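Q: Got a structure here, written out as structure tokens. Questions coming.
The values are calculated or read from the model by the stated rules, or taken from the named source; none is laboratory data. Quick caveat, the model's predicted, so the values are computed rather than measured. Counting neighbours? That spans all protein chains shown, and the Cβs are built from the backbone with ideal geometry, glycine included. When the accessible area is computed, the model is the full protein with side chains, heavy atoms only, and any ligands, DNA or RNA have been set aside. Shrake-Rupley method; radii C 1.70, N 1.55, O 1.52, S 1.80 Å.
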Amino acid sequence: MRHVGVRRLATLLGVAFLLWGGVFAWLAGREPVERSPQPTPVSVPDGTALFERHCASCHDLDEMRTAAGSKGDTARQADLARFLEDHGGASSEENRQILDFLTGP
Amino acid sequence: MVIRGVLWFALYLAVVMAPGVVALVVDPFDTPRPALVEMSVAFGFVAFAVIAAQFALVSRFQASSRPFGTDALVQFHQYIGGIGLGLAIAHPLLLTAAGLPWSAWNPLAGGLTVQSGAIALWALVLLVATTVWRRKLQLSYEAWQRLHLALAALTGLALVAHALAVNGYSRAAPVRVAVLIYAAAFSAVTLHYRLVRPFRLGLRPWEVVTNVDASGSTRLLRVRPVGHPGLRFEPGQFAWLMTGPTPLRSQQHPLSIASSAQPAADGSLEFSVKALGDWSARVVPTLAAGTRVWVDGAFGAFTSERKANPGFVMIAGGIGIAPMRSMLLTMRDRGDRRHVVLFVAVHDESRLIFGREVEQFRASLNLDLVVTFEAPSPDWSGERGQITTEMLRRHLPTRFRQYHYFVCGPPAMMDAVESALLGLGVPAAAIDSERFNLV
């Protein structure tokens, strides 16, 4: 009857992994309480570096530039700004610089 | 054995959870990210570790297979592989819900991060699909083995590239180190399994002594070690029999050892091989005396060894008689006079394996034999049809709840017999079954 136990164990593990996904998201989403204060940056990295750090691993530059449209295309840029706010780990100031970089020359 | 099993399971849990836990501890992000992204990352880490650990589950480590049985480990490998695939699909699916473009699913486009992830995912999908539908796809066992290993290696490599290329949690050095440790550990396991183990087996050759017809489309192969003492095994265990020019380029199949566990003078072993596929029907009959073969074993927890029950009930369907023969021969050689009820179920008289020999066991063992044919000849006066609750009730001894049960045969038969035994009140822990339908 080991096969029945194996099936039950695997099912339990599958459920546990799903729960772990939720626990992980909850723990990762908490503001760090013990983290040492971040030093005030003496210079803000430019949009290129920020794009490389926060976006380039998953998103192609050309694809993102197309999504951003030209400088005056405010509707698309508002959409992209919302996307950046809801997605990825950059701060609002960093998102603004990424947006400038994507709509720039 | 139970404690060992718990310890091995705890180790497995630690292995599959560790990358995610390390990522959480070293969290390199200054600001929280969307929950969907974090959940996706959690599934990604678990899928990575589950898939990496898959290599170890089927690498024939005797220490880890002993407490569970190799067939149970293979079943776990199959179930957990499906769960790993589910998590691997959930990872990009959640990211897509959070804004990742659908183009990221294309393995032929995008940067290293996206492309490696997509390659890993589709290789895994292909790996699971070719396993589940191997027979429908008409893949031979040997072709499937090669394909399975190639796809597993591709999945593993692409996963490691993906985990390192994503500049998320893996930008933290401890996470990168963890990923590299996993890659190194499971590469080592695979190299050991595919190269070191076959090389060592090559130094311990065996040769065929006899290869005779055991009736029922079954060959009885007797092999003996050449230049080494052979192997020790417990009655009911199995070994991989390898045929071909070298262990590296061999066909290998798991077979119950059918001989007594009391060591023979020449260290020889017997395997019974029923003609069920290409290898067993075409290669095995051609193995003449003197042919070089290799034996990798012994494995499995399907054994009467160390069982202190007052008796055993053995239920065999078709070639499932092989491990029972080993247990009965061992009892005979050790003078073990405990009561045994042996049920043998086959389609008709022509498919009965070891029929005459099992009859003769009655003289030296405390054995009750029940043979049932689904389609017997008209003059057959014994049991007919499949093994049912009523048939079991007719032949089980009064103290049947104190006996230990061994069931081996076609999966449908084992399912039916196990249900019948449970219905009669036999404790689940007293029922051992051996399931050899690996894929």
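Q: Quick test of your reading of the structure: B:LEU93 fulfils all but one of (1) modelled with pLDDT under 95; (2) over 25 Å from B:LEU180 (Cα atoms). Name the failing condition by number.
A: Only one criterion is unmet by B:LEU93, namely (1).
Q: Being part of a loop (DSSP other than H, G, I, E, B) and of a type in the set (A, V, I, L, M) is the filter; apply it to region B:122-150 and report the residue that is surrounded by the fewest Cβ atoms within 10 Å (Cβ to Cβ).
A: This residue is B:LEU137.
Q: Got at least one residue in region B:345-356 being touching a helix residue (DSSP H, G or I) at 6+ places or on another chain (Cβ under 6 Å), more than 14 Å from every other protein chain (Cβ to nearest Cβ) and farther than 28 Å from B:PRO254 by Cβ?
A: There is no residue in region B:345-356 that is touching a helix residue (DSSP H, G or I) at 6+ places or on another chain (Cβ under 6 Å), more than 14 Å from every other protein chain (Cβ to nearest Cβ) and farther than 28 Å from B:PRO254 by Cβ.
Q: Test B:ALA14 against the criterion of being within 24 Å of the chain's Cα centre (by Cα), farther than 30 Å from B:TRP133 by Cβ and more than 10 Å from chain A (Cβ to nearest Cβ), and give yes or no.
A: Yes: the conditions hold for B:ALA14.
Q: Do we have any residue at all in region B:76-99 that's farther than 30 Å from B:ARG194 by Cβ and within 7 Å of chain A (Cβ to nearest Cβ)?
A: Taking every residue of region B:76-99 in turn, at least one turns out to be farther than 30 Å from B:ARG194 by Cβ and within 7 Å of chain A (Cβ to nearest Cβ).
Q: Also, quick follow-up: Name the residues in region B:399-427 that are open to solvent by 10 Å² or more (accessible area, probe 1.4 Å), at the interface with chain A (Cβ under 10 Å from one of its Cβ atoms) and within 22 Å of B:GLN237 (Cβ to Cβ), would you?
A: Hit for region B:399-427 is B:PRO411, nothing else.
Q: A further question on this structure: Could you please find all residues in region A:1-21 being open to solvent by 30 Å² or more (accessible area, probe 1.4 Å) and either more than 30 Å from B:ALA430 (Cα to Cα) or among the basic types (Lys, Arg) (or both)?
A: Listed by number, the residues that qualify are A:ARG2, A:ARG7, A:ARG8, A:LEU18, A:LEU19, A:TRP20.
Q: Given the conditions (1) open to solvent by 30 Å² or more (accessible area, probe 1.4 Å); (2) at pLDDT 95 or above; (3) within 24 Å of B:LEU328 (Cβ to Cβ); (4) assigned to a loop (DSSP other than H, G, I, E, B), which single one is not true for B:ALA288?
A: Here B:ALA288 meets the rest and fails (3).
Q: Could you check B:LEU112 against (1) open to solvent by less than 30 Å² (accessible area, probe 1.4 Å); (2) within 14 Å of chain A (Cβ to nearest Cβ); (3) in contact (Cβ under 8 Å) with a residue 40 or more places away in the chain and say which number it fails?
A: Unmet for B:LEU112, out of (1) open to solvent by less than 30 Å² (accessible area, probe 1.4 Å); (2) within 14 Å of chain A (Cβ to nearest Cβ); (3) in contact (Cβ under 8 Å) with a residue 40 or more places away in the chain: (1).
Q: May I ask you to say which residue of B:ARG204, B:ARG200 is at pLDDT below 95, open to solvent by 30 Å² or more (accessible area, probe 1.4 Å) and of a type in the set (Lys, Arg)?
A: None of the other options fit; the residue is B:ARG200.
Q: Among the residues of region B:366-376, count how many are in a loop (DSSP other than H, G, I, E, B) and either open to solvent by 70 Å² or more (accessible area, probe 1.4 Å) or touching a helix residue (DSSP H, G or I) at 6+ places or on another chain (Cβ under 6 Å) (or both).
A: Within region B:366-376, residues that are in a loop (DSSP other than H, G, I, E, B) and either open to solvent by 70 Å² or more (accessible area, probe 1.4 Å) or touching a helix residue (DSSP H, G or I) at 6+ places or on another chain (Cβ under 6 Å) (or both) number 1.
Q: Let me ask another. Identify the single condition in (1) surrounded by fewer than 17 Cβ atoms within 10 Å (Cβ to Cβ); (2) at pLDDT below 95; (3) over 23 Å from A:LEU61 (Cβ atoms) that B:ASN106 does not satisfy, given that it satisfies every other one.
A: It is condition (3) that B:ASN106 fails.
Q: Can you tell me which of (1) at the interface with chain A (Cβ under 7 Å from one of its Cβ atoms); (2) open to solvent by 50 Å² or more (accessible area, probe 1.4 Å); (3) without any contact (Cβ under 8 Å) to a residue 12 or more places away in the chain is the one B:GLU38 doesn't meet?
A: Going through (1) at the interface with chain A (Cβ under 7 Å from one of its Cβ atoms); (2) open to solvent by 50 Å² or more (accessible area, probe 1.4 Å); (3) without any contact (Cβ under 8 Å) to a residue 12 or more places away in the chain one by one, B:GLU38 breaks only (2).
Q: A further question follows. Could you check, for region A:15-33, whether at least one of its residues is more than 30 Å from B:PHE76 (Cβ to Cβ), within 12 Å of chain B (Cβ to nearest Cβ) and at pLDDT 75 or above?
A: Yes, some residue in region A:15-33 is more than 30 Å from B:PHE76 (Cβ to Cβ), within 12 Å of chain B (Cβ to nearest Cβ) and at pLDDT 75 or above.
Q: Taking into account only those residues within region B:345-356 that are out of contact with any Asp or Glu (no Cβ under 6 Å at 6 or more places or on another chain) and open to solvent by 50 Å² or more (accessible area, probe 1.4 Å), which is nearest to B:ASP379 (Cα to Cα)?
A: Within region B:345-356, the match that is nearest to B:ASP379 (Cα to Cα) is B:GLU349.
Q: Let me ask something else about it. Find the strands (runs of 3 or more DSSP E) located wholly in region B:207-282 whose residues include 1 or more that are of a type in the set (D, E, K, R) and open to solvent by less than 50 Å² (accessible area, probe 1.4 Å), and list them.
A: B:269-274
Q: Going by the structure shown, is B:VAL371 within 23 Å of B:SER215 (Cα to Cα), of a type in the set (Val, Ile, Thr) and free of Cβ contacts under 8 Å to residues at least 60 places away in the same chain?
A: Spelling it out, B:VAL371 is indeed within 23 Å of B:SER215 (Cα to Cα), of a type in the set (Val, Ile, Thr) and free of Cβ contacts under 8 Å to residues at least 60 places away in the same chain.
Q: Here is a further query. Checking A:LYS71 against (1) away from chain B (no Cβ under 14 Å); (2) within 21 Å of B:PRO34 (Cα to Cα); (3) at pLDDT below 75, which test does it fail?
A: Single failed check for A:LYS71: (2).
Q: For region B:17-35, give me each residue that is at the interface with chain A (Cβ under 7 Å from one of its Cβ atoms) and either more than 31 Å from the chain's Cα centre (by Cα) or open to solvent by 30 Å² or more (accessible area, probe 1.4 Å) (or both).
A: Those that are at the interface with chain A (Cβ under 7 Å from one of its Cβ atoms) and either more than 31 Å from the chain's Cα centre (by Cα) or open to solvent by 30 Å² or more (accessible area, probe 1.4 Å) (or both): B:LEU24, B:ASP27, B:PHE29, B:ASP30, B:THR31, B:PRO32, B:ARG33, B:PRO34, B:ALA35.
Q: Could you check region A:51-84 and list, in sequence order, the residues that are polar (S, T, N, Q), under 30 Å from B:HIS162 (Cα atoms) and not in a helix (DSSP H, G or I)?
A: A:SER57 - this is the single residue of region A:51-84 that is polar (S, T, N, Q), under 30 Å from B:HIS162 (Cα atoms) and not in a helix (DSSP H, G or I).
Q: Something else: Return yes or no: is B:ALA52 open to solvent by less than 50 Å² (accessible area, probe 1.4 Å) and at the interface with chain A (Cβ under 9 Å from one of its Cβ atoms)?
A: When the stated conditions are applied, B:ALA52 does not pass them.
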